[in-house]
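Encoded as structure tokens, the structure appears first; notes follow it.
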């Protein structure tokens, strides 16, 4: 489960140091100049290789040129938060021994159709450059990238020791690409396809795994919308003794899950249950599903339930007591079905569900799950005018029952300031607070006032808050609070909010840690954009769509900040003088504007 | 040139119109490779075309399935997109229409075939564009709740739920009406796994035979055309989209026959 998991540490700081460093390290203390440089380098290498954290490594690399160089030699895990912030060549020039790459492409609003499909974020240049530079590459973790089958084939062929492939919210490839990876990567431990759009090329990729015992530890394909060869999967599970995580797609029926569990249940720690419905209705006696789940002594993470048949849900009761993570977000479960299950889940820390469990279900969660850290409630019916089954009552209950809550994503139709204020007091550990009141511009439905005070209380009282998404009727006051109190905020999402430019100014001037800013349909214009120019080099990106920006201002910003790539997406191509900017997406870049921009993108 | 039949020099990818379609058909010669060989075929293009469609074959495979949006009351036939294209379409709804690129030094906009007087299409598009845009601007300037109109403009990307999550509310029982039948029936879409099963069941239920389906021409031969109303309220031809997509978005079915169907038949 990684829907918008956020990295807590800042992005790689690649900017300050030039790519080449001379052998003489003039900045080091005088006594070290008596040592031959290569000895010092070796010592440093041996020391720096113990540094794991990105922040520590970034800090170490800023000490002096020698440290910069040696750190570059010893960094094995590279994180790139924006694939267009630098070119692949720069990566391979600076870091010589990379084994693992985490690369992120499109901004998050691309998931909601706010960006055309062919915008970019292609994995191709990265894989082709790395194929030559890092033959020992072991792990690739991509988020929102466009990956083709050819890219996957190149990856499978170029890296003999390849171990982990994780594709989150990616697209552009199909089951044929997966088949190549399965077949050629003999040391594959992890193949995780999470929330990606995988085309059904009608290839039996499960059969493509090698015939002998595999090293597979994690196989997740719940997002693959294509039937699979179950016999082959059974064989695969049978010859994968190290398999701990298995997440099946909705084409795997309950009977089939039952058979798989009989094969490998005791080792599994994470199970995605597939459709959780019976494939073959003609059989009179269903097998004892509960017995199969009883055998799952190590399962702590349960998901799936894609086409749930509620009468079989009690089968999971044996594992509930051990669960730390439960994902019901594809299951339309009523409160009555839900309560008996959740009453057993005392250890639950991560819980995702649909709002069909209603406020009643949330109250049950609050009563039982005292260890809850992360809660996500998705809308069963994601439209604006429906009667929402969850409301401030559920939120209030959660805030009172789950005091250790750190991360919240909540979709609802109505909310009150009082509930938010209560939550801000009850849950001081909150780092992620994302509330989506689906009706746009809805005020507090009890008092009729704007939601300013509620969100204000959240930013004021939750001192650890790093990520915030706001909704409902909000005036400039809410943003004033954000600027005043939101000192640790790194990610901010705004939609249909604010009255004037001052709102955005408050945020840009008041939030020093702001990295990712995404705004849509809000009345912020040129004055606001200009007020943040001191910040943009320190941010990963700024997204503003359907605001009040003019082309002239964007051009000014682009001119004033040469290392900032200012993309205007969707404005009239025929008429460059057309003033209205539909979508602005800008980000810092070390290597200038990208060469693969499609026609509807204008880089200023 | 009144738009009824057009001759374009063979150098350019071309279409030749054989009959006169209804108003507001929007035509383009943008896909030479695929349709130039059939001179009488009228190709209905998407309203917007992305420049990469020519270059990206894979994308085109995904985009291959198109849906005809049939609005009986307006008598307009407009291409609606599948998920992949739908995203582009949603996004581009505020943009002016065609972005043509120069292909082999040809500016395809010059070879674009249109019906109707020059300038009329343009006006309509601009009106569409300005209408939607002003909708948004109004939202910002007034900053009050949008008045609920019967046909509320669907806001792109709101609420911010990823598309695969939206497939949860699949409808199972749908009403089926047949032109000329005295009462409606109801069927459970979940009991069928594909189109042939559904059509067979409908044939049995209403005692008719349906013609041969082809992607280009719909149902030919019998004067019976199965249509359905989707989640957005549009009437679509049964069979164009993958079964799963159809069964989750179909709200009701209507078997058209008689004069309506014949008109559609001849149009295609």
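The values are calculated or read from the model by the stated rules, or taken from the named source; none is laboratory data. Model, not experiment: these values are computed from the prediction. Cβ sites come from the backbone with ideal geometry, for glycine too, and all protein chains shown count toward neighbours.
Looking only at segment A:110-125, count every residue that is surrounded by fewer than 21 Cβ atoms within 10 Å (Cβ to Cβ) and modelled with pLDDT of 95 or more and tell me the total.
Number of matching residues: 3.
Could you list, in sequence order, all residues of segment A:274-309 that are within 19 Å of residue A:365 (Cα to Cα) and away from chain B (no Cβ under 14 Å)?
A:300, A:301, A:302
Have a look at B:133, B:165 and point out the one that is assigned to a helix (DSSP H, G or I), at pLDDT below 60 and more than 22 Å from the chain's Cα centre (by Cα).
On the way: B:165 fails: at pLDDT below 60.
Exactly one of B:133, B:165 is assigned to a helix (DSSP H, G or I), at pLDDT below 60 and more than 22 Å from the chain's Cα centre (by Cα), namely B:133.
Give me the residue from segment A:447-468 that is assigned to a loop (DSSP other than H, G, I, E, B) and buried (at least 18 other Cβ atoms within 10 Å of the Cβ) and, out of that set, farthest from the chain's Cα centre (by Cα). Steps first, please.
Looking only at segment A:447-468, we keep the residues that are assigned to a loop (DSSP other than H, G, I, E, B), and these are A:447-451, A:462-466.
Among the residues that remain, those that are also buried (at least 18 other Cβ atoms within 10 Å of the Cβ) are: A:450-451, A:462, A:465-466.
Values: A:450: 30, A:451: 27, A:462: 22, A:465: 17, A:466: 15 Å.
Step by step, filter segment A:447-468, then rank; the result is A:450.
Return yes or no: is residue A:339 surrounded by fewer than 24 Cβ atoms within 10 Å (Cβ to Cβ) and within 27 Å of residue A:461 (Cα to Cα)?
Details: surrounded by fewer than 24 Cβ atoms within 10 Å (Cβ to Cβ): yes; within 27 Å of residue A:461 (Cα to Cα): no.
In short, no.
Looking at (1) farther than 30 Å from residue A:464 by Cα; (2) away from chain B (no Cβ under 11 Å); (3) assigned to a loop (DSSP other than H, G, I, E, B), which one does residue A:554 not meet, given that it meets all the others?
It fails just one condition, (3).
So how many residues does segment A:157-168 have that are free of Cβ contacts under 8 Å to residues at least 60 places away in the same chain and surrounded by fewer than 22 Cβ atoms within 10 Å (Cβ to Cβ)? So that I can check it myself, show each step before the final result.
Taking segment A:157-168 and keeping what is free of Cβ contacts under 8 Å to residues at least 60 places away in the same chain, we get A:157-163, A:165-167.
Those still in the list that are surrounded by fewer than 22 Cβ atoms within 10 Å (Cβ to Cβ) too: A:157-158, A:160-161, A:163, A:166.
Adding up the residues that qualify gives 6.
Among (1) more than 30 Å from the chain's Cα centre (by Cα); (2) under 24 Å from residue A:166 (Cβ atoms), there is one condition residue A:244 misses while meeting the rest; what is its number?
The one condition residue A:244 does not meet is (1).
State whether one or more residues within segment A:354-364 are more than 15 Å from residue A:435 (Cβ to Cβ) and within 11 Å of chain B (Cβ to nearest Cβ). I'd like the intermediate steps shown before the answer.
Kept after step one, since they are more than 15 Å from residue A:435 (Cβ to Cβ), are these residues of segment A:354-364: A:354, A:356-361, A:363-364.
Now narrow it down to the ones that are within 11 Å of chain B (Cβ to nearest Cβ): A:354, A:356.
Within segment A:354-364 (the criterion being more than 15 Å from residue A:435 (Cβ to Cβ) and within 11 Å of chain B (Cβ to nearest Cβ)), the answer is yes, since at least one residue qualifies.
Anything in segment A:579-604 that is surrounded by 15 or more Cβ atoms within 10 Å (Cβ to Cβ), at the interface with chain B (Cβ under 10 Å from one of its Cβ atoms) and in a loop (DSSP other than H, G, I, E, B)? List them, or say none.
Residues satisfying the conditions are A:582, A:598, A:600.
Quick check on my filter: what residues within segment A:396-412 are in contact with a helix residue (DSSP H, G or I) (Cβ under 9 Å, 6 or more places away or on another chain) and within 14 Å of chain B (Cβ to nearest Cβ)?
Just the residues of segment A:396-412 that are in contact with a helix residue (DSSP H, G or I) (Cβ under 9 Å, 6 or more places away or on another chain), to begin with: A:396-403, A:405, A:408, A:410-412.
Answer for segment A:396-412, where residues must be in contact with a helix residue (DSSP H, G or I) (Cβ under 9 Å, 6 or more places away or on another chain) and within 14 Å of chain B (Cβ to nearest Cβ): A:410, A:411, A:412.
Restricting attention to segment A:422-438, which residues are surrounded by fewer than 21 Cβ atoms within 10 Å (Cβ to Cβ) and within 14 Å of chain B (Cβ to nearest Cβ)?
A:434
Within segment A:107-123, can you find the residues that are within 17 Å of residue A:583 (Cα to Cα) and in contact (Cβ under 8 Å) with a residue 60 or more places away in the chain?
A:107, A:108, A:109, A:114, A:115, A:116, A:118, A:119, A:120, listed by residue number.
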